[in-house]
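The values are calculated or read from the model by the stated rules, or taken from the named source; none is laboratory data. The model shown is predicted, which means the values in this text are computed figures rather than measured ones. Because the Cβ atoms are built from the backbone with ideal geometry, glycine has one as well, and the counts that use them run over all protein chains shown. Calculation scope for accessible area: heavy atoms of the full protein, side chains included, ligands and nucleic acids excluded. Shrake-Rupley method; radii C 1.70, N 1.55, O 1.52, S 1.80 Å.
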Amino acid sequence: MARACKEGFTMAKQKKSKMALYTRQDKIILYCGYALLGLFLLAIIVPMIYIVIASFMDPVTLQNKGISFDFSKWSLDAYQRVVSDKQIWVGFRNAVLYSIIFTIISVAVTMLAAYPMSLPDFKGKTIFNTLFVITMFFSGGLIPTYLLINNLGLLDSMWAVILPGAFSVWNMIIARTYYQGIPRELREAADVDGASEMLYFFKILLPVCMPVVAVLALWQFVAMWNSYFDAMIYLNSASKQPLQLVLRSILIQSQPESGMIADIQSTAERAKMAELLKYATIIISSLPLLVMYPFFQKYFDAGIMAGSIKG
């Protein structure tokens with residue numbers, strides 16, 4: 001305890017001495033930055049707090065009086081209806097499955113593609129770079145892509161959602177830049193020990209690149225978890241739809257699953273319960289991401305910054 005207090009006092013003293021070196025203009029800019037960050041933080045936290053509280057409230061109280069901290073008016077009815085609905089769990093299972101498979105394929109393809117692009121003596125590097133960059137600005141469009149997916153026999157399958165976006169040129173550029181920041185002496189030492197290209201990549205290089213691998217994995221998982229458009233276009237079976245399509249019907253179309261409000265006869269009460277179900281569904285769908293972020297947080301600085309220093 002004493003050691004922690006001493007370290008805190010030392011850090012505060014260092015911060016105070018550092019602030020003394022700033023000019024008046026520097027302090028103004030610094031305080032303006034703090035103010036903007038505070039406003040940005042409030043813009044994120046206030047809606048989150050509202051959604052969390054609203055998800056527990058009685059729909060009648062929420063409709064008439066708004067947010068209330070009277071716990072006697074709070075209810076778990078919305079969560080009970082969401083959790084007991086079968087389609088929610090089907091969509092949740094599909095979303096987890098699609099996101100995990102998509103993340104594994106995407107990170108594997110990205111890291112494999114970025115490695116040869118990081119080598120200075122790779123022949124055809126300029127041509128491949130040009131082709132990759134072109135795809136960042138131009139695409140075939142929705143209709144040609146749909147026809148391609150249909151001709152490949154992937155329509156109404158999970159691969160129609162996973163494969164088209166599995167490779168990201170932007171992520172490849174970040175991984176390539178990270179590779180280029182690794183000392184060449186590591187490769188030379190592997191050559192002296194007689195390591196092959198495959199052995200060097202999988203046994204030596206990849207363990208060193210875990211920060212960028214973790215960051216790319218989180219990015220791709222979140223991207224697939226939040227994606228709904230591809231599933232809406234290519235998936236027809238309700239049993240294959242991810243959670244995002246279920247959320248879309250609840251949040252945008254205000255059409256909860258029939259099992260959630262089957263016991264409510266009044267049209268007005270159905271509308272109120274549908275509004276409450278929106279908040280509960282948002283909370284439940286956000287839980288996996290909220291659980292993942294703390295475990296990947298330590299990799300963010302090393303993974304993102306290392307991929308943005310060099311061009």
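Given in Å, the Rg to one decimal and the Dmax to the nearest whole number for the Cα atoms of the stretch 26-172 are 24.3, 71. Per-residue 3J(HN,Hα) values for the stretch 222-236, derived from phi via the Karplus relation 6.51 cos²θ - 1.76 cosθ + 1.60 with θ = phi - 60°, read 5, 4, 6, 4, 8, 7, 9, 5, 4, 5, 5, 7, 9, 9, 9 Hz in sequence order (x marks Gly and Pro). For Met57, nonlocal amide neighbours, meaning residues 5 or more places apart or on other chains whose placed amide H falls under 5 Å from its own, are Ser75.
Applying 0.36 nm per residue to the separation of Arg24 and Ile45 and subtracting their alpha-carbon distance, the gain on full extension is 4.4 nm.
Among rounded, prolate and oblate, which fits the stretch 154-217 when a ≥ b ≥ c are the square roots of the eigenvalues of its C-alpha gyration tensor, a/c under 1.5 means rounded, and a/b larger than b/c means prolate? Prolate shape, in that a/c is at least 1.5 and a/b is the bigger ratio. For the peptides 166-178, 92-104, 140-152, the ranking by packing is 166-178, 92-104, 140-152, with the highest mean count of neighbouring Cβ atoms within 10 Å listed first. Computed with a 1.4 Å probe over protein heavy atoms only, the accessible surface of the stretch 128-216 comes to 58 Å² per residue. With the simple model of a label 7 Å out from the Cα in the direction of the Cβ, Val52 to Val83 spans 1.8 nm. Gain on full extension, evaluated as 0.36 nm per residue between Asn226 and Val109 minus their Cα-Cα distance, stands at 40.0 nm.
Each of Trp74 and Tyr146 was given a label point 7 Å from its Cα along the Cα-to-Cβ line. The distance between the two points is 4.6 nm. For the stretch 66-88, the residues whose amide N sits under 12 Å from a probe point set 7 Å from the Cα of Leu287 along the beta carbon direction are 79-80, 82-84. Highest-first packing order for the peptide set 229-238, 105-114, 285-294 is 105-114, 229-238, 285-294, based on the mean count of other beta carbon atoms within 10 Å.
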